[in-house]
Each structure stands twice: as C-alpha cells, then as structure tokens.
Amino acid sequence: MEQNPFTHTLEYNLDLGKTKPDTVHRHEKYCPFCDVKNLKNVLETRGHMIWLENAFPVLKDCWQTLIIETDDCDGEFSEYDPAYAVEMIRFGLEKWHQVQAMDRFRSVVFYRNHGYMSGGTIHHPHSQIVGLEKYDYHDDVKLYHLQGHPVLQSPGIEVNLSARPIIGFYEVNLILSDDAQLPLFVHYMQIVSHFMIHDFVWHNESYNIFFYTFPDDPKLYVKIVPRFLTNPLYVGYMIPQTANEGHRNRFIERLQKALAAASNQPERK
Ligand SMILES: [Zn+2]
C-alpha cells in the first residue's frame, strides 16, 4: 500500500532542537525543571507534579506537553515510593485522556525516557504527552506488537514478552483490563523498569516506557523497552530480531521471579 510520507513522518526542527538544554549528554548544571518559578505555560500543578507545554516545540504539527514528575532531579520511576508512582501514573493517564478528548489530534502519544540511550535530553524525571495532528500511530503499531509469550497473568493484568516486537529483542508488554488493579499494575511497571536497568542481559542504563490505547478496546497497553544501539537489520530492512528460545526462557523466568517477589510484599495502595 502506498503511504503518504506526510502522514508517516514527523518533521523535527533541528535548528530549534540544537538550542535545547541537555543535562543528559552535555553535563550542563542548570536544570530547567528544578527552576520551578521560571517555568512557562504551566497547564496544571498537582503537588510536585507539573503539566506544562514544552518550551522547545521541535515537532511540526504536534502539541508537545510534558509532566515534571517530582521535585527530585535525580529521582527515577523504578525507585519511586509505590504510592507516589501510582499517583504519578494516574495524573499522566488523566492528562493523556484529556488531550485525546480534545479531538484535535489524529493520535496522542504518552511516553517517558530514562538514560543516555533513551532519546531524552533532560535528566530530571518527566513524561511526554504529545498530540499528533497528522500522524495516527495505529497505522503502524498493531495489537500484535503488544502480544506475546506469557510472563504473568493476574486478575485484570497480563504481562508478556513481545513475540513480534516493534524494534527487536526484549520488549515487555503490560496490559491492564481492570482499572481497580492500577496500583499493582504500576508496581509491576516499576519492577520491569528496575529489571531493565539492573538485571538485563547486558549492562544497560536506558529504557523507555510507552503507553497505547486501541480503538474500541478499553484496555491500557504499556510497553517497556531497554535501549541500546539499534540493530542494523532493523535500521536497514525493518527486521526486528528476537532472542533464541533458551535465552528467552531464562529471561522470562528471571522476570517472573522479580515480579513474584513484588507480589508477595504487603498490599500496596
Ligand atoms: Zn532538575
């Protein structure tokens, strides 16, 4: 099928992008997200969480907003107090749905970056919510990208390892079908994120979290992806690779152990 390049690409303003502050790769000391009193275009504040427009709207035909998650510049999602993590994800989901409901966008993406290889430029923990005026991610991301080998099944929650990943290797998907289970779901997200940076198959300090919804499907889909150099078969031919069965089974077993240890802890709210 022929594709219209203008609905399958996003134009990034590199001239503006190169003026962006970067506390991840350039060791700059000044953090714009710690300097709360000088933040502009704040949309909403809830405790230490701040939803605002991105000061560097580098993407064409998009409305770029972000959520500053905490006042702790060195905070990390996988290490947040579990109750705080739930509060933060709840706030993010609420704002994501709010932007979707504006009906101005073909689709709205919600994601977060962590680490040098994740594509983020500000170290201070934050999430992005971006309305895309011309791009519907459902044209390219399909439900089968979020399905795979079972890792864990509990009431209202499924965790799996992509059998048909988007970019390749280990992509862990979490699927929530009962909103009442959100606290446990978020805790599983924390465990998987922690696993990606501490127990992954090789040294790794970067990961992304992506959120998805699909039309006529009430479930919440989350994909957590460790980040490292992209394999050339993907770059050149769009071939995602997967791990061999033995390696995959060991990965699943270790992740199951980590998740089981979390589930055995006292009830979290
Ligand atoms: Zn900061």
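From Leu93, Leu59, grab the single residue that is away from the ligand (no atom under 16 Å from the Cβ), in the same structural domain as Val42 (by TED's automatic domain parsing), closer than 15 Å to Gln128 by Cβ and within 15 Å of the chain's Cα centre (by Cα).
Details: Leu59 fails: within 15 Å of the chain's Cα centre (by Cα).
Within the list Leu93, Leu59, the selection yields Leu93.
For region 106-119, which residues satisfy the criterion of being surrounded by fewer than 16 Cβ atoms within 10 Å (Cβ to Cβ) and either touching a helix residue (DSSP H, G or I) at 6+ places or on another chain (Cβ under 6 Å) or at pLDDT 95 or above (or both)? If the condition is that a residue be surrounded by fewer than 16 Cβ atoms within 10 Å (Cβ to Cβ) and either touching a helix residue (DSSP H, G or I) at 6+ places or on another chain (Cβ under 6 Å) or at pLDDT 95 or above (or both), then Arg106 is the only one that fits.
Filter region 172-187 down to the residues that are closer than 19 Å to Asp217 by Cβ and either in a loop (DSSP other than H, G, I, E, B) or touching a strand residue (DSSP E or B) at 6+ places or on another chain (Cβ under 6 Å) (or both) and list them by number. It would help to see each step written out before you state the result.
Residues of region 172-187 that are closer than 19 Å to Asp217 by Cβ, as a first pass: 173-182, 185.
The answer is Asn173, Leu174, Ile175, Leu176, Ser177, Asp178, Gln181, Phe185.
Criterion applied to Asp15, Asp103 was being surrounded by fewer than 13 Cβ atoms within 10 Å (Cβ to Cβ), assigned to a helix (DSSP H, G or I), more than 16 Å from the ligand (Cβ to nearest atom) and without any contact (Cβ under 8 Å) to a residue 24 or more places away in the chain, and the one residue passing it is Asp15.
Residue-wise test of (1) crowded, with 17+ Cβ neighbours inside 10 Å; (2) in contact with a helix residue (DSSP H, G or I) (Cβ under 7 Å, 6 or more places away or on another chain).
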site: Gly156; (1), (2): no, yes
site: Val172; (1), (2): yes, yes
site: Ser177; (1), (2): no, no
site: His187; (1), (2): yes, yes
site: Ile191; (1), (2): yes, yes
site: Phe195; (1), (2): yes, yes
site: Ile224; (1), (2): yes, yes
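In region 19-47, the residues that are on the phi > 0 side of the Ramachandran plot reach residues that are of a type in the set (Asp, Glu) and away from the ligand (no atom under 14 Å from the Cβ) with C-beta atoms within less than 7 angstrom, at least six apart or across chains, in these pairs: Asn41/Glu53. Consider Pro218 carefully, then state whether it is touching a Pro at 6+ places or on another chain (Cβ under 8 Å) and either in a loop (DSSP other than H, G, I, E, B) or outside the structural domain of His123 (by TED's automatic domain parsing) (or both). Taking the combined requirement at face value, the residue does not satisfy it. Being among the basic types (Lys, Arg) and closer than 27 Å to Lys29 by Cβ is a property that Arg112 has.
Just so you know, in region 20-35 the residues that are exposed (fewer than 12 other Cβ atoms within 10 Å of the Cβ) and modelled with pLDDT under 90 include one that is nearest to the ligand (Cβ to nearest atom), and it is Lys29.
Only residues that are of a type in the set (D, E, K, R) and either buried (at least 20 other Cβ atoms within 10 Å of the Cβ) or part of a strand (DSSP E or B) (or both) were counted in region 49-100, giving 3. Among the conditions (1) in contact with a helix residue (DSSP H, G or I) (Cβ under 7 Å, 6 or more places away or on another chain); (2) part of a loop (DSSP other than H, G, I, E, B), the only one that Lys29 does not satisfy is (1).
Is there a residue being closer than 27 Å to Phe251 by Cα, surrounded by fewer than 19 Cβ atoms within 10 Å (Cβ to Cβ), at pLDDT below 95 and in contact with a Phe, Trp or Tyr (Cβ under 8 Å, 6 or more places away or on another chain) anywhere in region 136-146? No, every residue in region 136-146 fails to be closer than 27 Å to Phe251 by Cα, surrounded by fewer than 19 Cβ atoms within 10 Å (Cβ to Cβ), at pLDDT below 95 and in contact with a Phe, Trp or Tyr (Cβ under 8 Å, 6 or more places away or on another chain). Residues in region 120-131 that are crowded, with 19+ Cβ neighbours inside 10 Å and not hydroxyl-bearing (Ser, Thr, Tyr): Gly120, Ile122, His123, His124, Pro125, His126, Ile129, Val130, Gly131.
The values are calculated or read from the model by the stated rules, or taken from the named source; none is laboratory data. As the structure is a computational prediction, the values presented were derived from the model and not from experiment. Note: ideal-geometry Cβ built from the backbone for every residue, glycine included; neighbour counts use all protein chains shown.
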